[in-house]
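Nothing in this text is a laboratory measurement; each read-out follows from the coordinates by a stated rule. In this text the structure is predicted, and so the values were computed from the model without any measurement. We place every Cβ from the backbone using ideal geometry, glycine too, and count neighbours over all the protein chains shown.
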Amino acid sequence: MAMGLFQAKIKSEAGLWRIGSAGVWAEEGLPAATNTKLVVHKRGIDLSSHRSTRISSELLEEYALILVMEKWQRDALRSTFPIFSDKVFQLSEMAHKNGDIIDPIGHPLLEFEATAREIEIFLNQGFDQISQLSSKQ
């Protein structure tokens with residue numbers, strides 16, 4: 001969801017960015033959740049071709065900035081891949097906040113909508129910080 005929302009935000013500058021999505025415990029090759037696709041579709045975003053990817057050191061090496069939704073994810077990545085710890089942050093940190101964005105999987109569509117709004121707020125408030133940290137590689 002966050003990947004799609006960020007892609008929509010930078011649409012006019014898409015060629016300047018490399019954006020991906022991966023999960024700490026993701027099963028490879030699964031489509032986005034139905035409710036995720038519904039929520040982003042309302043915003044003109046198509047995730048029908050998206051497939052899940054599991055995080056790896058090779059993948060982390062390819063990106064200048066790694067944004068996660070929850071503190072445990074940040075801590076797990078920093079602990080498991082300490083060489084990349086300086087580029088792993090929670091999305092909320094980009095907006096100078098401290099809070100988890102809880103995964104809505106298993107919850108009703110309203111929770112997916114709330115999660116999308118929360119992600120959009122942090123992307124908007126933290127865009128300058130995201131841009132600055134992304135350009136460091």
**Prompt:** Along the Cα-to-Cβ line of GLU113, 7 Å from the Cα, sits a label point; which residues in the stretch 9-42 have backbone N less than 20 Å from it?
**Reply:** 33-42
**Message:** To make sure I understand the rule: partners must be lysines, Cα under 23 Å from the Cα of LYS42, and not fewer than 8 residues away in the same chain. Which ones qualify?
**Reply:** LYS9, LYS11
**Request:** Whole Å is fine, so just give me how far the alpha carbon centre of the stretch 38-62 lies from that of the stretch 77-94.
**Result:** 19
**Request:** Could you pull out every one of the aspartates and glutamates with an alpha carbon less than 17 Å from that of LYS71, ignoring same-chain neighbours closer than 8 positions?
**Result:** ASP86, GLU93, ASP100, ASP103, GLU118
**Message:** Sequence gap at least 6, Cα distance under 8 Å: using those rules, report the relative contact order of the chain to the nearest whole percent.
**Reply:** 24
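To one decimal place, what Kirkwood hydrodynamic radius in Å is obtained for the chain from all pairs of distinct Cα atoms?
Every distinct Cα pair counted, the radius reaches 15.4 Å.
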**Message:** What distance in nm lies between label points placed 7 Å from Cα along the C-beta direction at SER49 and ASP75?
**Reply:** 3.9
**Fill in**
The local net charge around HIS107, scoring Lys/Arg +1 and Asp/Glu -1 for residues other than HIS107 whose Cβ lies under 14 Å from its Cβ, equals -4
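If you stretched the chain out fully between GLN132 and ALA64, how much longer would it get, using 0.36 nm times the residue separation minus the C-alpha to C-alpha distance?
Working: separation 68, 0.36 × 68 = 24.48 nm, distance 1.02 nm.
Extra length from GLN132 to ALA64 when fully extended: 23.5 nm.
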